[in-house]
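The values are calculated or read from the model by the stated rules, or taken from the named source; none is laboratory data. Quick caveat, the model's predicted, so the values are computed rather than measured. Here the Cβ positions follow ideal geometry from the backbone for every residue, glycine too, while neighbour counts run over all protein chains shown. These accessible areas exclude ligands, DNA and RNA; they are computed on the full protein's heavy atoms, side chains included. Shrake-Rupley method; radii C 1.70, N 1.55, O 1.52, S 1.80 Å.
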Amino acid sequence: MRALLIVNPFATSTTDAGRDALADTLSAKIDLTVELTTHRGHAGEIAARARAQGCPIVIVHGGDGTVNEVVNGLLDAPGDPIGPNPAPALAVIPGGSANVFARSLGIDPDPMKATAQLLTLLAERSRRRISLGHLSAEAPKRPGATPSPAAASGRWFLFNAGMGVDAEVVASIEDQRNAGKPASDARYIATTVRRFISASRRPPQLSVSLPGRDTIDDVHFVFVCNANPWTFIGPRPVWTNPDTTYECGLGVFASSSMSVTRNLGIFTQLLTGRKPHARHVLTDDDVASVRLTARAPMDVQMDGDYVGKATTAAFGCVRDRLEVVAPPLSA
């Protein structure tokens, strides 16, 4: 069995010793090539080359951002014709801080345990085909401005995306990490609280359009997910759309209120896996698409990576788009 291991050496929980240990473990069982990323976007470049060369399996050791890059390198862009070279199967060994995608597939968050699990899954030929979300966003239009490629071009996302306050949190965390402050659950929580308080002082800016429904105006923020849970806080999952899976359409969670008192019950429901229910909250666990329009440019995030500011964001879903090495649904 032949496979390529793509490692992001700068990922939060990736170490040289850990990388060497898992690479040695994998090499004992499979014909393994290892490549390290050196810059943003490099993982996607390596993945695209692996597909062109006919590599059957690509393994990623890194965080959710690295996995997202690899998927976008492996696959043709949303809406493009599928090329002649089949996409390799994807496997993930967690190496970031949250590792939402891997954990949502049932992969152990510990890298060495995940490596042993991966070898078992490969031996058992345990594969799943999952849906993927895609994003097409329109950058703010200014005289003479050049649209951001990240915002204007279609890209795949794996587990969640959003427009508004969650994207502001992601942008703030990235700024803090660039300033040398490590990502941690405490930092995410503190940043989230600050951003939600700040957003509560602003009027709602978003409109939400779903197929076959009237447009909903005066929305503060929208979460879009392709699976569940939406994210993790340490070991605890956060469920915005409990019935959304990799085998159905997208989940949508939108709020028309930023009131702390009105949202306390909702926050509790998100942590318990109960389906969120309140008059100021819109949820749907299986939609084909959702379009968001902002009165002013708003932040957009995708799989925990900051995309940029946009005035419109159109999210869609393609089922059965990617083969992953993962436990079966019944596991």
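Filtering the range 117-138 down to residues that are within 16 Å of Val290 (Cα to Cα) and aliphatic (A, V, I, L, M), which residue is modelled with the lowest pLDDT?
Here the residue is Ala137.
When you go through Leu329, Leu292 one by one, which is the residue that is farther than 27 Å from Ile93 by Cβ and either touching a residue at least 24 places away in the same chain (Cβ under 8 Å) or in a helix (DSSP H, G or I) (or both)?
Working: Leu329 fails: farther than 27 Å from Ile93 by Cβ.
Leu292 is the lone residue from the list that is farther than 27 Å from Ile93 by Cβ and either touching a residue at least 24 places away in the same chain (Cβ under 8 Å) or in a helix (DSSP H, G or I) (or both).
Take the residues of the range 181-210 that are part of a loop (DSSP other than H, G, I, E, B) and under 23 Å from the mean Cα position of the chain (by Cα): which is surrounded by the fewest Cβ atoms within 10 Å (Cβ to Cβ)?
Pro182
Considering each residue of the range 211-246, count those that are over 16 Å from the mean Cα position of the chain (by Cα) and farther than 22 Å from Val169 by Cα, and give that number.
Going through the range 211-246 one residue at a time, the tally reaches 9.
Would it be correct to say that Asp284 is open to solvent by 70 Å² or more (accessible area, probe 1.4 Å), touching a residue at least 60 places away in the same chain (Cβ under 8 Å) and within 19 Å of the chain's Cα centre (by Cα)?
no
Mind checking which pairs have a first residue in the range 96-110 that is on the phi < 0 side of the Ramachandran plot and a second that is aliphatic (A, V, I, L, M) and assigned to a helix (DSSP H, G or I), Cβ under 6 Å, 6 or more apart or different chains?
Correct list of pairs: Phe101/Val67; Ile107/Ala114; Asp108/Ala114.
Inside the range 233-268, can you point out the residues that are open to solvent by less than 20 Å² (accessible area, probe 1.4 Å) and assigned to a helix (DSSP H, G or I)?
Within the range 233-268, Asn263, Ile266 qualify.
Go through Pro94, Pro56 for me and flag whichever is surrounded by fewer than 20 Cβ atoms within 10 Å (Cβ to Cβ), in contact with a Pro (Cβ under 6 Å, 6 or more places away or on another chain) and modelled with pLDDT of 95 or more.
None of the others qualify; the one that does is Pro56.
When the range 291-300 is examined, which residues are found to be within 16 Å of Val252 (Cα to Cα) and surrounded by fewer than 24 Cβ atoms within 10 Å (Cβ to Cβ)? Spell out how you get there, then give the answer.
Filtering the range 291-300 down to residues within 16 Å of Val252 (Cα to Cα) leaves 291-293, 300.
The answer is Arg291, Thr293.
Do we find that Glu168 is under 27 Å from Leu105 (Cα atoms), within 21 Å of the chain's Cα centre (by Cα), modelled with pLDDT of 85 or more and surrounded by fewer than 17 Cβ atoms within 10 Å (Cβ to Cβ) in this structure?
no
Restricting to the range 211-230, give me the number of residues that are assigned to a loop (DSSP other than H, G, I, E, B) and more than 30 Å from Leu322 (Cα to Cα).
So the count comes out to 3.
Could you tell me which of the residues Gly65, Gly41 is within 18 Å of the chain's Cα centre (by Cα), within 17 Å of Asp305 (Cα to Cα) and touching a residue at least 40 places away in the same chain (Cβ under 8 Å)? Break it down into steps so the answer makes sense when it comes.
On the way: Gly41 fails: touching a residue at least 40 places away in the same chain (Cβ under 8 Å).
Only one candidate passes the filter, namely Gly65.
Considering only the range 309-331, state which residues are touching a helix residue (DSSP H, G or I) at 6+ places or on another chain (Cβ under 9 Å), modelled with pLDDT under 95 and surrounded by fewer than 20 Cβ atoms within 10 Å (Cβ to Cβ).
Selection gives Lys309 alone.
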